[in-house]
Amino acid sequence: MRFLVAGWFSFDEVVATIGDELGADVVTGWLDELGLEHDVAWAPYLQRGPHWRDVDPTQYTHLLFVSGPLMDMPLMRELTAAFEHAQRWAVNVSVVPDDARPLFHRVWERDAPGGVARPDLAIGTSTPDVPVVAVAFAPPQEEYGARSQADQVRAAIEGWLRARALPWFELDMDLYDKPYERFPSQVEALIRRADVVVTMRLHGMVLALAHGVPVVACDGVAGGAKVSAQAAALGWPVVLRAGEVDATTLDAALEHALSGTLGDEIAEARRRGAAGNAHARAWLTEQLAEG
């Protein structure tokens, strides 16, 4: 007995959802527990395993289609026809309309006409926890002329995020994002929910440390500029200069930032920040006194 697990993630003609893959993860886990041989058929664009058009169908006794809508359409007919000799089962599927049911011998619906409603398999998943990264990019800054390497630094960060499959979201620091205003409270709320901030912007670093979130500061100016200067002012050690930002240095910086060993440095940055504010306030008060 050998299963080929398929789903909408098996077709290069469509784009599947995360839920489709999670359903397949649950089912393959069951097959592992039962000691049943199986392969997962992946669309070529995902580059994760064999494509169902490239395998020998006679090597499988069962085709198991997991998650998503079950519809009578050319793709589904091509798949089931290729495995016409096998037992064809579908699990965790929606069968509205009901026209594809005859393509399968057995069907476990998550929803169907007649009031059928069952929990989706994805609720039973448990994926490894990974850090959530907030990323603040900076554009090229004209005041630094040829020293600005913002585009290269951004490209390095984006390539690293993609290669490491890290969950991340962008921190946009602009006050206006057409057609809406943006407020500091919105950005700060997002920062507080991140595990780490990777920032090319000075205020990405300052606000992260203000809220106790570790930072990987990436200076986009050759030789260092305001990001490096601010890191020095706050005593923050995790800083990468333009020209040294790549996958290797970002890996090491991320590990350092998330090591749990920088509590004292975060506290010191906040202490220095408070002292700096106090000095600036005293200076302003003096200026006012002098008229």
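The values are calculated or read from the model by the stated rules, or taken from the named source; none is laboratory data. Worth saying up front: this structure is predicted, and the values here are computed from it rather than measured. In this analysis, Cβ positions are derived from the backbone assuming ideal geometry, glycine residues included, and neighbour counts consider all displayed protein chains.
Using the structure shown, decide if ALA155 is without any contact (Cβ under 8 Å) to a residue 60 or more places away in the chain, assigned to a helix (DSSP H, G or I) and not hydroxyl-bearing (Ser, Thr, Tyr).
yes
Identify all residues within the stretch 228-252 that are crowded, with 20+ Cβ neighbours inside 10 Å, part of a helix (DSSP H, G or I) and touching a residue at least 40 places away in the same chain (Cβ under 8 Å); write none if there are none.
LEU250
I'm checking my understanding of the structure. Among residues of the stretch 253-269 that are farther than 30 Å from ARG147 by Cα and assigned to a helix (DSSP H, G or I), which one is nearest to the chain's Cα centre (by Cα)?
So, considering only residues that are farther than 30 Å from ARG147 by Cα and assigned to a helix (DSSP H, G or I), the one nearest to the chain's Cα centre (by Cα) is GLY263.
Suppose the filter is more than 14 Å from the chain's Cα centre (by Cα), among the small types (Gly, Ala, Ser) and over 30 Å from GLU244 (Cα atoms); does GLY115 pass it?
Yes: the conditions hold for GLY115.
Being hydrophobic (A, V, I, L, M, F, W, C), within 26 Å of PRO113 (Cβ to Cβ) and in contact with a strand residue (DSSP E or B) (Cβ under 7 Å, 6 or more places away or on another chain) is true for just one of LEU63, LEU36, LEU31. Which residue is that?
Within the list LEU63, LEU36, LEU31, the selection yields LEU63.
When you check ALA208 against the structure, is it closer than 30 Å to LEU64 by Cβ, of a type in the set (A, V, I, L, M, F, W, C), surrounded by 14 or more Cβ atoms within 10 Å (Cβ to Cβ) and under 22 Å from the mean Cα position of the chain (by Cα), yes or no?
So ALA208 does not fit the description; no.
Among the residues of the stretch 124-132, is there at least one that is within 30 Å of VAL196 (Cα to Cα), among the aliphatic types (A, V, I, L, M) and either in contact with a helix residue (DSSP H, G or I) (Cβ under 6 Å, 6 or more places away or on another chain) or without any contact (Cβ under 8 Å) to a residue 60 or more places away in the chain (or both)?
Yes - at least one qualifying residue is present in the stretch 124-132.
Test SER94 against the criterion of being at pLDDT 95 or above, of a type outside the set (A, V, I, L, M) and on the phi < 0 side of the Ramachandran plot, and give yes or no.
In short, yes.
Looking for whichever is at pLDDT 95 or above and either in contact with a Cys (Cβ under 8 Å, 6 or more places away or on another chain) or loosely packed, with under 13 Cβ neighbours inside 10 Å (or both) here; the options are VAL213, VAL198, VAL187. Which one fits?
VAL198
Output the strands (runs of 3 or more DSSP E) that fall wholly within the stretch 1-71 and possess 2 or more residues being over 21 Å from the mean Cα position of the chain (by Cα) and either surrounded by fewer than 18 Cβ atoms within 10 Å (Cβ to Cβ) or acidic (Asp, Glu) (or both), or say none.
The qualifying strands (runs of 3 or more DSSP E) are 37-40.
What number of residues within the stretch 107-123 satisfy the criterion of being at pLDDT below 90 and surrounded by 16 or more Cβ atoms within 10 Å (Cβ to Cβ)?
Qualifying residue count, the stretch 107-123: 0.
Of the residues in the stretch 143-170, how many are closer than 19 Å to VAL227 by Cα, under 14 Å from the mean Cα position of the chain (by Cα) and not acidic (Asp, Glu)?
Residues in the stretch 143-170 being closer than 19 Å to VAL227 by Cα, under 14 Å from the mean Cα position of the chain (by Cα) and not acidic (Asp, Glu): 1 in total.
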